[in-house]
């Protein structure tokens with residue numbers, strides 16, 4: 001089940017390497033799927049009846065979610081099929097958590113297993129350490145520690161996974177807009193020297209989502225003259241680490257796993 005971005009193609013390639021037959025349901029622009037998928041099926045979140053029918057026709061036994069699914073698209077949907085309407089009614093409220101719960105229940109009724117994404121990420125989960133040419137200063141490390149605690153709390157509350165702060169003052173907390181837009185908003189408010197921290201809730205379920213940072217977010221941080229991007233080690237995936245590092249080193253920004 002493919003959302004936006006490069007992650008679905010990466011996961012599909014790993015699934016193929018492990019010997020899975022791969023049927024890709026493309027809900028958004030996920031480039032590079034073709035070489036690793038036996039079949040690519042264009043899909044829409046609000047037309048789930050066709051998706052369930054295809055799952056049955058392909059005799060699917062396990063589902064792997066990958067990429068970015070924008071739940072704001074669900075909130076703004078004006079037309080939807082009866083299957084989606086029934087699932088929304090089952091969810092009760094159109095929050096990502098309740099919608100995902102309804103999806104899991106539907107798949108379970110079809111005897112389809114929802115897989116943990118970490119088994120299909122290779123060595124992409126970030127290790128602890130400083131990857132950039134410049135390491136954080138003592139003052140910046142204090143902001144990192146504070147930001148890590150706040151980001152975990154925000155993630156546990158299902159608000160977002162990223163905070164932007166400077167000298168202890170929080171400029172932005174990620175919400176529905178996603179990491180990159182939160183970085184842009186936060187650095188605009190904080191000014192030069194902002195510290196960006198992305199962390200994961202202690203109870204995070206990797207069947208639904210693997211937190212990700214990549215070149216787009218690092219470019220936004222560099223454009224906003226942030227001083228540090230810090231991510232929680234072993235729990236956040238770095239997409240295209242070389243390109244991400246280039247954005248950091250070009251402006252002297254620290255990029256670390258903590």
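May I ask you to list the residues in the stretch 128-174 that are more than 21 Å from the chain's Cα centre (by Cα), assigned to a helix (DSSP H, G or I) and surrounded by 15 or more Cβ atoms within 10 Å (Cβ to Cβ)?
Hits for the stretch 128-174 are 140, 141, 143, 146.
Can you tell which of 251, 200, 256, 195 is buried (at least 22 other Cβ atoms within 10 Å of the Cβ), in contact with a helix residue (DSSP H, G or I) (Cβ under 7 Å, 6 or more places away or on another chain) and in contact (Cβ under 8 Å) with a residue 24 or more places away in the chain?
Of the residues listed, the single one that is buried (at least 22 other Cβ atoms within 10 Å of the Cβ), in contact with a helix residue (DSSP H, G or I) (Cβ under 7 Å, 6 or more places away or on another chain) and in contact (Cβ under 8 Å) with a residue 24 or more places away in the chain is 195.
Can residue 186 be described as crowded, with 16+ Cβ neighbours inside 10 Å and either assigned to a loop (DSSP other than H, G, I, E, B) or in contact with a helix residue (DSSP H, G or I) (Cβ under 8 Å, 6 or more places away or on another chain) (or both)?
Answer is no for this residue.
Would you say residue 142 is farther than 30 Å from residue 20 by Cβ, out of contact with any strand residue (DSSP E or B) (no Cβ under 8 Å at 6 or more places or on another chain) and at pLDDT 95 or above?
So residue 142 fits the description; yes.
Quick one: which of 216, 181, 177, 242 is over 25 Å from residue 139 (Cβ atoms) and in a loop (DSSP other than H, G, I, E, B)?
So the residue among 216, 181, 177, 242 that is over 25 Å from residue 139 (Cβ atoms) and in a loop (DSSP other than H, G, I, E, B) is 177.
Residue 59 versus (1) assigned to a loop (DSSP other than H, G, I, E, B); (2) buried (at least 19 other Cβ atoms within 10 Å of the Cβ); (3) at pLDDT 85 or above: which is the lone unmet condition?
Here residue 59 clears every test but (2).
Filter the stretch 122-136 for residues that are in contact (Cβ under 8 Å) with a residue 24 or more places away in the chain and on the phi < 0 side of the Ramachandran plot and give the result.
Matches in the stretch 122-136: 124, 125, 126, 127, 128, 130, 131, 132, 133, 134, 135, 136.
Test of understanding: among 221, 182, which residue is free of Cβ contacts under 8 Å to residues at least 24 places away in the same chain and either assigned by TED's automatic domain parsing to the domain that holds residue 104 or closer than 23 Å to residue 125 by Cβ (or both)?
Selected residue: 182, the only one of 221, 182 that is free of Cβ contacts under 8 Å to residues at least 24 places away in the same chain and either assigned by TED's automatic domain parsing to the domain that holds residue 104 or closer than 23 Å to residue 125 by Cβ (or both).
So which of 19, 34 ends up being out of contact with any strand residue (DSSP E or B) (no Cβ under 7 Å at 6 or more places or on another chain), surrounded by fewer than 18 Cβ atoms within 10 Å (Cβ to Cβ) and farther than 22 Å from residue 110 by Cβ?
The unique qualifying residue is 19.
When you check residue 67 against the structure, is it surrounded by 14 or more Cβ atoms within 10 Å (Cβ to Cβ), closer than 26 Å to residue 121 by Cβ, assigned by TED's automatic domain parsing to the domain that holds residue 109 and modelled with pLDDT of 75 or more, yes or no?
In short, yes.
What pairs come out if I take residues in the stretch 1-18 that are over 16 Å from residue 123 (Cα atoms) and pair them with residues that are in a helix (DSSP H, G or I) and at pLDDT 90 or above whose C-beta lies under 7 Å away, six or more apart or interchain?
Between residues of the stretch 1-18 that are over 16 Å from residue 123 (Cα atoms) and residues that are in a helix (DSSP H, G or I) and at pLDDT 90 or above, the close pairs are 2/8; 16/36.
Restricting attention to the stretch 27-43, which residues are touching a helix residue (DSSP H, G or I) at 6+ places or on another chain (Cβ under 8 Å) and either modelled with pLDDT of 95 or more or not in a helix (DSSP H, G or I) (or both)?
Matches in the stretch 27-43: 30, 31, 32, 33, 37, 40, 41, 43.
The values are calculated or read from the model by the stated rules, or taken from the named source; none is laboratory data. Computed from a prediction, not measured in an experiment: that's the story for all the values here. Glycine gets a Cβ as well: all are built from the backbone with ideal geometry, and neighbour counts include every protein chain shown.
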